[in-house]
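A.B. asks: Before we start, here is the structure in question, set down as structure tokens.
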Amino acid sequence: MESTLLKLEQVNTHIDQFHILQNVDFEVKSGEVTVLLGRNGAGKTTTLRTIMGLNGATSGSIVFKGENITKLPPYEIAKKGIGYVPEDQGIFYDLTVEENFRVGMRKDDDGTKERMEWVLELFPDLKKFWRKPGGQLSGGQKQMLSIARAYVNDNDLLLIDEPSKGLAPVIVEKVIESIDKMKERTTVVLVEQNFYMASKLGDAFFILDDGITVHHGRMEQLIRDEELKRKYLGIA
Amino acid sequence: MMQKVQKSTWIYLLFSLVLVVIPFVKDERWFLFLLIQIFIFGIFAMSYDLLLGFTGIVSFGHAMFFGIGAYSVGITLERLEPTFFSFLLGIFFAAMAGGIVALIAGVLTLRLKSHYYAMLTLALASLFLVLAEKWRSLTMGNDGFTFKIPELPEGLQDHRNTVIYMFCLLSMILIFFGLRRLTQSPLGKILQAIRENEQRVESLGFRIMPYKVIISVISGVVASFAGVLYAISLRFVDTSVFAIDVTLDALLMTIIGGVGTLVGPIIGAGLIEFAHHYLSELSDVHWIFERWIILFGIVYILAVIFFPFGIVGTIQRSFAKRKQRKQEVTKSKKIAG
Amino acid sequence: MELIINLAINGISTGMLIFLIAAGLTLIFGLMDVLNFAHGGIFAWGAYAGVWFFSLTQSFLLSILAAVVTGLLIGLVTEYLIIRPVYGNHIQQILITLGFMLVLSEMLKVVFGPDIKAAETPSYLSGSWTIGDVTIIKYRAFIIAVGFLVFIAMQLILKHSKIGLIVRAGVMDREMIQALGVNIRKVFVGVFMVGSALAALGGALFAPSSGVVYAEMGMEFGIFAFIVVIIGGMGSIPGSLIAALLVGISNVFMAYYLPILSMAVTMLIMFVVLIFKPQGLFSTSGVSNK
């Protein structure tokens, strides 16, 4: 259970002339929720996008399930078993909930059906608005749809970018609850500003600052380390 | 910086002087005529460069302004007495008509993606072509019409071609320096910033629409002036002035010569006009040379992909690079020393 | 009254031909954000291919098929040679595709000769039906039927098939569809080929109805297609249909009553749309026009 699923070594990413990620090291163990923390602009989203191949790494290596995926295009990376839930949820507004699922479904086998049923039980709202365009869902529902869509495929890893952003506290509770349940079935990388959420879900943590990995360890340590929290996360 | 501008100005003036002397050295008719065409298309291509190179606007209907200019002066001189006053009036009409059409096209589409201006000008140009073909009472349709140009004072009348040559040359030189001044002015700097990054300019609080429209109008007026000169040099107008080939010529001249350099389009005009001249002679050798658009089209496509800075742009870049390297060397020497 | 009905049928069939070109154009634009100024050239190639194959085989069906295949092939070559080097750069795209348009038109003259070519209507589609005082030209009715079928087929495919979903999703968010495991580049090539084939089909259908084909028809109808796409909204198929019918009908009526203004009325519609609804009558939410 403690095996490494994803490993980034000395990854550098440039966007235009800007050097965003600078020698980032990052590791995800199977079956855990690894939380990526840091201030705004620290490079968290870029880390996820680099893993996904949406911003290509200029150097360094990204190894997923023992395979080097650094230079692969995004669609190949997705097929290797990584699901992506972007910051803006990436819902296709003019497609219905059902179509949003279908367009991203890579297989239509029993496993997919089983996961579909399971996830719809988790998010009954989606079932209710099955034929409604994605654009008409509430913010929380969009978030659920995006997470569910990523989960339905036979993925070994989900990358979830700030799921709590812009959601009411009640909804955040719900999202926490659902990711907590998903945790038993899949591995998750979570980018989160909301420390409450991060601390509830996280097993391990990494802190990025200005595109550099400055700290990592177990979540329990971070929760106790007031100094670290103040320094990099601005939490008193 | 000041020093450098003056240096290049001297070089341009020297070239201008050479061009002034040419007719007194080699006054063969075809050669003077070819140079006149180069000056006219040089002006036309510069007006195109003002849009494409300095503002990032693509027009596919530039022939429209050219044709408007040609017909304005042609019709004025044909309907009124061929006096010097009618000629000026013709230029005035040409400038007004070209400016108004450019204003309309600009206001309608310049707040949208660059596609729209390209499409709209292409469509408008075809409308003007149809208009010129159909409105026979004014334009004589496809046959076109000849007209007289003002008589020159005694003594000069025998050297009419030389006078037209000088007039076109002078126009080109003045327009070149005028447009160069414009592009180096604060307005020109804003335009270039718009071309580089529209959103950023907008977020700095500039409304970019009016700037683009102003340039569209200036370009239209200059292009119709080129059309005026063209009609005068031929003493004849027909619908071919509205043809897409004319726009293609401007595009080729600008891109081959160097987008955003002003002097590039003039060099491009020289190359293309000479190529036209010799290719049409070659058409006796093989029929493929009659289909010169294919050759030009292919050259043009290759230029867009592989030679996007054109002749002048590429030279300027290599100079800039060398200079930068030199500076780096001196800098590192200083550090080492 | 009969006159009006006849003109209307005429206008609708003209509109359907324009729709076939515009549909491919707007599809390519919507998904790939590429405005293909060479699109009209492919239309002309379809027309010539159709005429040539018809004279060769005397089979209308085969000639249509040949035109469609021509369109697919030119689409493939265009995407590979012309579009691929300039993805993402609008100005270069516009410049290069116009150049390619001229090359395509001139190549027609090289391959088939510079003269206007006569186009025949197959015997079973020539002639007309007379109902009361109304004469319906069979071929016009045929064009209307084909145009309508193409529209329905496109709508069904886009709305209900998986590939249609992917195309629509790709129009809205190209990045996300890749993150879901779709190779959008491959889809692009397919869409480009299909769009080109639609233009070629339009050309092959156009030839018998006008009776002649000529190299400049590509530019002429290409411009119509642009206007239609502007009016209908870039990226919208139903928008293209409505706008094409509007342009077709108004053109035919104007050509009858005030021939000198037939082109101007199309322009006028476009101006009005640009002033009051610059994103077009039916803009899709995923495509911005800024």
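A.B. asks: Rounded to the nearest 500 deg cm²/dmol, what is the calculated helix-only ellipticity per residue at 222 nm for chain A, with -39500 (n - 2.57) per DSSP H run of length n ≥ 4?
C.D. replies: Details: 9 runs with 84 residues, N = 236.
So the helix-based figure for chain A works out to -10000 deg cm²/dmol.
A.B. asks: Once you have all Cα-Cα distances for the range B:15-88, histogram them in 5 Å bins from zero and send the whole-percent values.
C.D. replies: The percentages, shortest bin first, are 3, 12, 15, 15, 16, 20, 14, 5, 0.
A.B. asks: A further question follows. If the chain between A:Gln136 and A:Asn23 were fully stretched, how many nm would it gain, using 0.36 nm times the residue separation less the Cα-Cα distance?
C.D. replies: Numbers: separation 113, 0.36 × 113 = 40.68 nm, distance 4.09 nm.
Contour length minus Cα-Cα distance gives 36.6 nm.
A.B. asks: Okay, moving on. Modelled label-to-label distance, B:His159 and A:Glu173, 7 Å Cα→beta-carbon offset: nm?
C.D. replies: Reported label-point gap for B:His159 and A:Glu173 is 9.8 nm.
A.B. asks: Now for a different question. Contour minus end-to-end for B:Thr9 and B:Thr146, with contour as 0.36 nm per residue of separation and end-to-end as the Cα-Cα distance? Spell out each step's value before the answer.
C.D. replies: Values: separation 137, 0.36 × 137 = 49.32 nm, distance 3.91 nm.
Taking 0.36 nm per residue and subtracting the Cα distance, the gain is 45.4 nm.
A.B. asks: Just counting partner chain Cβ atoms within 10 Å, what average do the residues of peptide C:221-233 show around their Cβ?
C.D. replies: So the per-residue partner count for this stretch is 3.
A.B. asks: Sticking with this one: Hey, can you rank C:227-237, B:234-244 by average C-beta count inside 10 Å, highest first? Numbers along the way, then the final one.
C.D. replies: Numbers: C:227-237: 26.5, B:234-244: 20.4.
Per-residue mean Cβ counts within 10 Å order the peptides as C:227-237, B:234-244.
A.B. asks: Hey, what's the Cα Rg ratio for chain A versus the globular rule of thumb, 2.2 N^0.38 Å?
C.D. replies: Details: Rg = 17.2 Å, N = 236, 2.2 N^0.38 = 17.5 Å.
It is 0.98.
A.B. asks: Right, next: Based on the Kirkwood radius over alpha-carbon pairs, what is the Stokes-Einstein translational diffusion coefficient of the range A:91-168 at 25 °C with 0.890 mPa s viscosity, in µm²/s? Present the calculation step by step, with values, prior to reporting the outcome.
C.D. replies: On the way: Rh = 12.7 Å.
Rounded to a whole number, D works out at 194 µm²/s.
A.B. asks: Give or take rounding to whole Å, what are the principal axis extents of the alpha carbon atoms in the range C:151-290, in descending order?
C.D. replies: Largest first, the range C:151-290 extends 55, 37, 24 Å along its Cα principal axes.
A.B. asks: Per residue, what volume in Å³ does the convex hull of the Cα atoms of chain B enclose?
C.D. replies: Values: hull volume 58.7 nm³, N = 337.
So the per-residue Cα hull volume is 174 Å³.
A.B. asks: Return the tail of the calculated pair distribution for the protein assembly as shown, meaning the percent of Cα-Cα pairs more than 41 Å apart. Mind dumping the intermediate values first?
C.D. replies: Working: 174674 of 371953 pairs.
Counting every Cα pair in the protein assembly as shown, those more than 41 Å apart make up 47 percent.
A.B. asks: What nm value, rounded to one decimal, do you get for the distance between C:Ile260 and B:Phe24 when each label is placed 7 Å out toward the C-beta?
C.D. replies: In this crude spin-label approximation the distance works out to 5.1 nm.
A.B. asks: Same structure again: Given an 8 Å cut-off on Cα distances and at least 6 residues of separation, report the relative contact order of chain C as a percent. Can you show the working numbers first?
C.D. replies: Values: 495 pairs, mean separation 105.9, N = 290.
About 37 percent, as a whole number.
A.B. asks: Shifting gears a bit: Express the relative contact order of the range A:4-233 as a whole percentage, based on alpha carbon pairs under 8 Å and six or more residues apart in sequence. Each step should come with its number before you reach the end.
C.D. replies: Working: 417 pairs, mean separation 65.4, N = 230.
For the range A:4-233, the relative contact order is 28 percent.
A.B. asks: Hey, fewest Cβ within 10 Å first, where do A:Trp118, C:Trp52, C:Trp45 land in order?
C.D. replies: With the sparsest Cβ surroundings first, the list reads A:Trp118, C:Trp52, C:Trp45.
A.B. asks: Neighbouring Cβ atoms within 10 Å as the yardstick, rank A:His215, B:His159, C:His39, C:His160 fewest first. Don't skip to the end; give the middle numbers.
C.D. replies: Working: A:His215 17, B:His159 14, C:His39 31, C:His160 10.
So the residues, fewest neighbours to most, are C:His160, B:His159, A:His215, C:His39.
A.B. asks: Over the C-alpha atoms of the range C:2-216, what are the Rg and the largest Cα-to-Cα span, Dmax, in Å?
C.D. replies: Radius of gyration, then largest Cα-Cα span, for the range C:2-216: 18.4, 61 Å.
A.B. asks: In this model, which of A:Lys132/C:Lys277; A:Lys7/A:Lys127; A:Lys142/A:Lys183; B:Lys321/C:Lys186; A:Lys44/A:Lys142; A:Lys128/C:Lys159 are farther than 29 Å apart at the alpha-carbon? Could the numbers behind the result be given before it?
C.D. replies: Values: A:Lys132/C:Lys277 27 Å; A:Lys7/A:Lys127 36 Å; A:Lys142/A:Lys183 20 Å; B:Lys321/C:Lys186 39 Å; A:Lys44/A:Lys142 21 Å; A:Lys128/C:Lys159 21 Å.
Pairs exceeding 29 Å: A:Lys7/A:Lys127; B:Lys321/C:Lys186.
A.B. asks: State the antiparallel share, in %, of DSSP beta bridges confined to the protein assembly as shown, rounding to the nearest 5.
C.D. replies: On the way: 31 of 48 bridges.
Taking every DSSP beta bridge with both residues in the protein assembly as shown, the antiparallel ones total about 65 percent.
Only the coordinates and a few stated rules stand behind these numbers; no lab work does. Everything quoted here is computed from the prediction, not taken from an experiment. Note: ideal-geometry Cβ built from the backbone for every residue, glycine included; neighbour counts use all protein chains shown.
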